[in-house]
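Take a look at the structure below.
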Amino acid sequence: MALLDIQGVTRRFGDFTAVDNVSLAVEAGEFFTLLGPSGCGKTTLLRMIAGFDLPDAGRILLNGEDLADSPPELRPVRTVFQSYALFPHMSVEGNVAFPLQMARVPSGERKARIEAALEDVRLQGFNRRYPHELSGGQKQRVAIARALVTHPTMLLLDEPLAALDAKLREDLSIELINLQKEVGIAFVYVTHDQTEALALSHRIAVMNRGRIEQLDEPSKIYGFPRTRFVADFIGHCNLFSGPIREANGSLALVDVDGLGPVRVATATSAAGGARGTIALRPEKIRIAAEAPSGTPDNHFHGAVRDLLYMGDVTVYRVAIEGGTIVEALLANSQSGRAKFFEVGDAVDVSWPVGAGHFIVE
Amino acid sequence: MRRRPAWLWAAAIFAYAFLYVPLLIVVVYSFNDSRLNAEWVGFTFDWYRTLASDDQMLKAAGNSLMIGIVVSFVSTVLGTMAGLAMHRYRLRLLPILIVAPIAIPEILMGVSLLIFFVLLNFTLGLVSVALAHIAFCIGFVAIVVRARLAGMDETLTEAARDCGATPASAFRYVTLPLIMPGVIAGALMAFTLSIDDFVITFFTAGAGTITLPLQIYSMIKISVTPEVNAVSTLLMLLTLLLIVVAAKLSPTLLPSERETTP
């Protein structure tokens, strides 16, 4: 039995369906992420798990028990809010002590529990500080300590890193992974940041318009996006669409608009005439001045239209003769070498059938 | 900073003089060693001494204080609840119902409350006065409390519930401490409004019940005695003190320089 079982949950606000018949299960000890653009329903779903909102249809079970009649204070889950939501009139210790106080933990036991929670988030010695004396990252640590102090069954995190700057976000991400391993409780994490989701999660549910587009491990989400939306939302992706000439269960041939016939490996078969999309990551494309030796599966000529130097890599946008733009990426691993091509250079792009991922629309 | 034209200064000085010079005269003459408010004779504390031995005056002051304390307590509890309701439920009619007694002319409130009490066969006295004061003080408290709530982060209440607090505990430990400055400011406002109310008190007190403003009014029917000046000065001092305390506790009521400059 899964720890958290969401069965056909729907939530409407007037005419707008925020969460549309969503079902998913989260296992004990899992780092589970709800990923999607703003307004996709991820936060509404999280609020329903926390008990701040109730589903119009469907059930939410925790440890097999229906949560419908449990108010937030009786659910063994804790939320970490994006805005931290620390009580401004209480010290760090007061904030962390609050859940213990509410749970009527004897005061003799509290001190040790508070210290342990502050140690978990590496904030020992901050007991007497007030929230307004803390930095954003420290506030978020206090919020996490407050959420963990009563040893909940599950932690719900609502974009906890969104308000922090990039460097701090990365540091805290790593700490979150370690912390989750350490305390061993399930995390349900909401974010619109795909990098965060890929880095942190055991599994990701990509949401769009209240529905789950794909639920998979990060590498599967990235490598094998099931829908055009997922391919486009997660990382950079070339999306080539056109009528399918044939798809026989091992290989598909698509007449890509503005490019020409493209071959791609696939396990699905589809009738000719339907439309298909090939999702192709920029880093899987070979870009070179000369044609490769041998006969590549897919091979096109074009000219560099613009390029983006990113430090570690350079992204080249190549205009193919048919008019399509192909995005390719080269690592600048050789020091001092900023770029391999200039704007206007004639280049040759190619990729094997296995590089792309085929999506039937 | 740009220099302001002289006429603006003149207008300002005139306006403030019009507001505060009469009050100043009352204060000055309360120390005047003469029965008449005509000329300055000499300094004396006699009028304050007379005041302290005037039983009627002391009784009126006692009544006013008692009513003021009861009214500020009851209307603060009810007004805070009303402020919370206005904040939480976006009903259009609710704020109108709560705040209307502030805007309704006092004379109208007084007359209608008198008719209401008579219809109910309610004996006019201290209780009817207190009830009438509570009726118009609730609105003031509600407005101050709601202003305070509007500046509060909504997720804090949710966070309290999430931490295991029942709605009652969340209010007690999180919401109430955060809106406390507004609540106290509201209570002080209610107290000052109650202690110097004349019109509504006049209609709802009935015969034989006296409060400080009623007593002062009955005394000046003959002439403005220095004793009235003395009691007015004391009342002014009390009100001023409460306003200063209220402003300290609720910066939104009287924005200080700290709030206006970032």
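Each value in this text was obtained by applying a stated rule to the coordinates, not by laboratory testing. Bear in mind that the values here come from a model prediction, so they are computed numbers and not experimental data. Positions of Cβ are backbone-derived with ideal geometry, glycine not excepted, and every protein chain shown enters the neighbour counts.
Relative contact order for chain B: 30 percent, from Cα pairs under 8 Å spaced at least 6 residues apart, divided by residue count.
When the scattering of region A:1-154 is computed by the Debye formula from its Cα atoms alone, each counted once and equally, what is log10 I(q)/I(0) at q = 0.10, 0.15 Å⁻¹? Evaluating at q = 0.10, 0.15 Å⁻¹ gives log10 I(q)/I(0) of -0.42, -0.87.
For the protein assembly as shown, the pair-distance distribution built from all alpha carbon pairs, in bins 20 Å wide starting at 0, is 15, 31, 26, 17, 8, 2, 0 percent.
Each principal axis of the Cα cloud of chain A was taken in turn, and the coordinate range along them, longest first, works out to 76, 51, 34 Å. Separation of the alpha carbons by more than 21 angstrom is noted, of B:Lys59/B:Lys221; A:Lys111/A:Lys181; A:Lys139/A:Lys167, for A:Lys111/A:Lys181. Under 5 Å between amide hydrogens, built in the peptide plane, is the criterion, and for A:Ala186 it picks out A:Gly29, A:Glu30, A:Leu155 among residues at least 5 positions away or on other chains. When region B:138-257 is described by a simple charge dipole with +1 on each Lys and Arg Cβ and -1 on each Asp and Glu Cβ, the residue from B:Ala165, B:Leu176, B:Ile195 located farthest towards its positive end is B:Ile195. Only alpha carbons enter this Debye calculation for region A:135-182, each as an equal point scatterer, and the log10 of I(q)/I(0) it gives at q = 0.24 Å⁻¹ is -0.96.
Dividing the Cα radius of gyration of region A:239-292 by its Kirkwood radius returns 1.02 for Rg/Rh.
Quick one: Kirkwood hydrodynamic radius for region B:55-252, alpha-carbon pairs, angstrom, one decimal? Walk me through the numbers before you get to the answer.
On the way: mean 1/r = 0.0551 Å⁻¹.
About 18.2 Å, per the Kirkwood formula over Cα pairs.
Between A:Glu361 and A:Asn248, what FRET efficiency follows from the Cβ-Cβ distance if R0 is 30 Å, with the result rounded to 0.05? So, using R0 = 30 Å, E works out to roughly 0.95. In nm, what is the difference between 0.36 nm times the number of residues separating A:Ala331 and A:Ala25 and their Cα-Cα distance? In short, 106.3 nm is gained. Counting every alpha-carbon pair across region B:68-175, the share separated by more than 24 Å comes to 37%.
FRET efficiency for the A:Arg59 to B:Ala100 pair, using the beta carbon distance and R₀ = 41 Å, is estimated at 0.35.
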